[in-house]
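In what follows, a structure is listed as structure tokens, so that the remarks can point back to it.
The values are calculated or read from the model by the stated rules, or taken from the named source; none is laboratory data. All of these numbers come straight from a predicted model, not from anything done at the bench. Glycine gets a Cβ as well: all are built from the backbone with ideal geometry, and neighbour counts include every protein chain shown.
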Amino acid sequence: MSGGAGALDRVIKRSVRPRQAPEERCDLCGAPVAETHRHVVETERQELLCACTACSLLFDQDGAGRGRYRLVPDRRVRLDGQELLGRLDVPVGLAYFVKSTAEGRVVARYPSPMGATRWELDVATWAALEARLPELRELRPDVEALLVNTARGAAECWIVPIDDCYRLVALLRREWRGLSGGSRVWEEVRAFFAGLNQSRR
């Protein structure tokens with residue numbers, strides 16, 4: 001009986017022990033990656049891939065991988081929101097804009113409970129913005145985005161790494177409740193942009 005009780009104790013301890021998350025690996029070479037790691041974009045499919053330190057260094061040069069893989073940079077730059085928002089017709093409170101080499105144009109999307117939803121951006125509008133704001137001309141294709149936040153009275157415009165936009169999409173999908181999203185999701189959105197302020201260059 002005592003042996004059986006000991007075995008039961010061990011089963012109970014194992015069941016309450018927190019399970020370790022599966023080890024994350026580099027999508028390019030299979031090596032383990034740290035919890036905080038860089039990403040590369042596969043430009044043909046517009047797919048975001050995890051990268052270990054070695055692969056990050058490999059694709060840190062222009063033209064590496066013949067342009068098929070591009071390392072996502074880590075700069076965050078806040079722009080003049082009033083200058084941009086006065087000329088940019090954003091249909092929803094959150095949106096981001098990426099220069100797509102695969103499509104040869106700027107692609108606009110907005111985060112939603114269903115994921116990233118695409119909408120058509122007027123080409124002339126973007127050209128006019130680039131003419132006024134040199135920062136937009138320097139936006140790196142595929143790996144950086146113009147991120148706009150007009151939700152609930154905000155007026156923020158940022159140049160961010162594209163993986164920040166993926167994080168924001170995941171946040172909305174995870175936290176959205178009901179028709180309006182609920183109070184928690186907008187608290188998380190405010191915290192997300194506050195984090196951009198802390199990490200900007």
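Checking the conditions here, which among Val185, Val189 is surrounded by 17 or more Cβ atoms within 10 Å (Cβ to Cβ), free of Cβ contacts under 8 Å to residues at least 24 places away in the same chain and either touching a Gly at 6+ places or on another chain (Cβ under 9 Å) or under 17 Å from Ala95 (Cβ atoms) (or both)?
Values: Val189 fails: free of Cβ contacts under 8 Å to residues at least 24 places away in the same chain.
Going through Val185, Val189 in turn, the sole match is Val185.
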- prompt: If you scan segment 160-201, which residues turn out to be of a type outside the set (A, V, I, L, M, F, W, C), closer than 29 Å to Leu49 by Cβ and in a helix (DSSP H, G or I)?
  reply: Asp163, Asp164, Tyr166, Arg167, Arg173, Arg174, Glu175, Glu188, Gly195, Asn197, Gln198, Ser199
Residue in segment 98-105 that is out of contact with any Pro (no Cβ under 9 Å at 6 or more places or on another chain), buried (at least 17 other Cβ atoms within 10 Å of the Cβ) and either in contact (Cβ under 8 Å) with a residue 40 or more places away in the chain or of a type in the set (S, T, N, Q) (or both) present: no
field: Those residues of segment 134-159 which are assigned to a helix (DSSP H, G or I) and touching a helix residue (DSSP H, G or I) at 6+ places or on another chain (Cβ under 7 Å), in sequence order
entry: Leu136, Arg137, Ala151, Arg152
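Somewhere in segment 38-48, is a residue over 19 Å from the mean Cα position of the chain (by Cα), at negative phi, in a strand (DSSP E or B) and modelled with pLDDT of 90 or more? Even if it seems obvious, please write down each step before you answer.
Of the residues in segment 38-48, the ones over 19 Å from the mean Cα position of the chain (by Cα) are none.
No - not one qualifying residue is present in segment 38-48.
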query: Looking at (1) in contact (Cβ under 8 Å) with a residue 24 or more places away in the chain; (2) not assigned by TED's automatic domain parsing to the domain that holds Arg177, which is the only condition Phe59 fails?
result: (1)
- line: Those residues of segment 111-126 which are out of contact with any Asp or Glu (no Cβ under 9 Å at 6 or more places or on another chain), surrounded by 12 or more Cβ atoms within 10 Å (Cβ to Cβ) and either in a helix (DSSP H, G or I) or not assigned by TED's automatic domain parsing to the domain that holds Asn149 (or both) amount to Trp126
- line: Considering residues that are over 17 Å from Arg167 (Cβ atoms) and crowded, with 16+ Cβ neighbours inside 10 Å, the number found within segment 29-63 is 7
